[in-house]
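Take a look at the structure set out below.
Throughout, read-outs are computed from the coordinates displayed, never taken from laboratory work. These numbers come from a predicted model, not from an experiment. With ideal geometry, Cβ positions are generated from the backbone for all residues, glycine too; neighbour counts draw on all protein chains shown.
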Amino acid sequence: MDYLGLIAVVSIVMAGLTTGFGTMAPALAEGRAVAAALTSLAQQPDASATITRTLFVGLAMIESTAIYCFVVTMILIFANPFWNFAIAAAAKAAGQ
Amino acid sequence: MRLSPDELIFWQAGFFKLNATIMFTWALMLALALGSMLITRGLSKELTRSRWQNLLEIVVTAMAKQIEDIGLPNPRRYLPFLGTLFLFVALSSLSSVIPGFEPPTGSLSTTAALALCVFVAVPLFGVAELGLGGYLKSYIEPTFIMLPFNIISEVSRTLALAVRLFGNMMSGAMIVAILVSITPFLFPIVMTALGLLTGMVQAYIFSILAAVYIAAATHRNVPRKIDPSSSRLVAT
């Protein structure tokens, strides 16, 4: 396979794998966080405002790691520097 | 497919580009400033108010109460900064219902700028509260070995703020764009509603995290004990 095809294949495969694997662990962690929050809400409904706020902040922190994976996937698909460089080099070679 | 509103350029002169992000940011600034100016022109202290004044009062007092709950003892001092962060991000996300509007927070430039504002504001508030020596001393707490880790955590949480907001806003817009080309009628509307919800949550998260960082920077480590008459923690 030539370099252009190799870059394309690896980019596409890794983009899919990044989102696939990267969203598994945050989902599990968020499930555990919500379960703990529900338990404490059932034990102390008076503190529901604090618990809810802390839950949302915690969920946002956990979600961040999934967002990092998503951003890497988007970069690989839409703003891939290696692909752009290879395309420019191939265009220059074809233009000569 | 466009990754961010940065790529839609209206006017260009050498290095300066007027792209969609800047235009939408200006539109939001105009809406916020003009709306607030118009509403606060005839403020009434009576029991009856106009509904717009009521709306602003609800928003401002709710934000002040949240800041106080975080642990910042004088919420009015931090309300301009944190309130502006929240209002800007929330309005940017809410306005995505206007057709043709793309949230400027869907561009890494805007979110990086907001995160840099927080990065600068945290030491400013810390020095204002604790003095320069006191604030710098907080970097070597609890032990001197923690100094590089504290510095790294400062930088990385700023980066996390920027990327979190950018990722959420950009993914919302992109999902809707992709779905419109696949199933045009029902799903894009559902996903737009979900994007509104996550936009409001992310606006809340951004400002609450900024408040938490400021509270950590202005936190005074004084020895405290429980006051027997009121059962609360007071300084010794």
Practice prompt. Evaluate the following for A:Arg32: is it within 13 Å of chain B (Cβ to nearest Cβ), assigned to a helix (DSSP H, G or I) and basic (Lys, Arg)?
Written response: no
Item to complete: Only one of these is among the polar types (S, T, N, Q) and buried (at least 17 other Cβ atoms within 10 Å of the Cβ): A:Asn84, A:Asn80. Name it.
Response: A:Asn80
Practice prompt. Could you look through the range B:213-226, keep only residues that are surrounded by 12 or more Cβ atoms within 10 Å (Cβ to Cβ) and among the hydrophobic types (A, V, I, L, M, F, W, C), and pick out the one that is farthest from the other protein chains (Cβ to nearest Cβ)?
Written response: B:Ala217
Discussion item. For the condition within 22 Å of B:Leu91 (Cβ to Cβ) and within 12 Å of chain A (Cβ to nearest Cβ), what is the one hit in B:Ile178, B:Ile205?
Written reply: B:Ile205
Discussion item. Taking the condition of being aromatic (Phe, Trp, Tyr) and surrounded by 20 or more Cβ atoms within 10 Å (Cβ to Cβ), how many residues in the range B:189-212 meet it?
Written reply: 1
Worksheet entry | Matching residues, the range A:43-96, being among the basic types (Lys, Arg) and within 30 Å of B:Ala62 (Cα to Cα) | A:Arg53
Item to complete: For residues that are touching a residue at least 12 places away in the same chain (Cβ under 8 Å) and under 30 Å from B:His219 (Cα atoms), scanning just the range B:158-188, find the one that is surrounded by the fewest Cβ atoms within 10 Å (Cβ to Cβ).
Response: B:Leu159
Worksheet item: Assuming A:Thr23 fulfils every condition listed in (1) within 14 Å of another protein chain (Cβ to nearest Cβ); (2) free of Cβ contacts under 8 Å to residues at least 40 places away in the same chain apart from one, which condition is it?
Response: (2)
Response to the item:
Scanning the range B:45-86 for residues that are touching a residue at least 12 places away in the same chain (Cβ under 8 Å) and farther than 24 Å from A:Ala49 by Cβ, the one surrounded by the most Cβ atoms within 10 Å (Cβ to Cβ) turns out to be B:Gln53
Worksheet entry | Among the residues listed as B:Thr25, B:Thr105, B:Thr48, B:Thr110, the single one being over 19 Å from the mean Cα position of the chain (by Cα) and hydroxyl-bearing (Ser, Thr, Tyr) | B:Thr48
Fill in: Tabulated pairs, the range A:58-81, first within 9 Å of another protein chain (Cβ to nearest Cβ) and in contact (Cβ under 8 Å) with a residue 24 or more places away in the chain, second surrounded by 19 or more Cβ atoms within 10 Å (Cβ to Cβ) and of a type in the set (Lys, Arg), C-beta under 9 angstrom, 6+ apart or interchain
A:Glu63/B:Arg164; A:Tyr68/B:Arg164
Fill in: Residue list for the range B:129-152, restricted to those being loosely packed, with under 12 Cβ neighbours inside 10 Å and either closer than 19 Å to B:Leu116 by Cα or of a type in the set (Phe, Trp, Tyr) (or both)
B:Phe144, B:Phe149, B:Ile151, B:Ile152
Practice prompt. Test B:Leu18 against the stated conditions and say whether it is free of Cβ contacts under 8 Å to residues at least 12 places away in the same chain, surrounded by 12 or more Cβ atoms within 10 Å (Cβ to Cβ), away from chain A (no Cβ under 14 Å) and in contact with a strand residue (DSSP E or B) (Cβ under 8 Å, 6 or more places away or on another chain).
Written response: yes
Item to complete: Return only the number of the condition from (1) free of Cβ contacts under 8 Å to residues at least 40 places away in the same chain; (2) of a type outside the set (Asp, Glu); (3) within 14 Å of chain A (Cβ to nearest Cβ) that B:Val155 does not satisfy.
Response: (3)
Item to complete: Would you point out which residue out of A:Val13, A:Val71 is surrounded by fewer than 13 Cβ atoms within 10 Å (Cβ to Cβ), part of a helix (DSSP H, G or I) and within 21 Å of the chain's Cα centre (by Cα)?
Response: A:Val13
Response to the item:
Inside the range B:18-45, the number of residues satisfying the requirement of being farther than 28 Å from B:Leu108 by Cβ and not in a helix (DSSP H, G or I) is 3
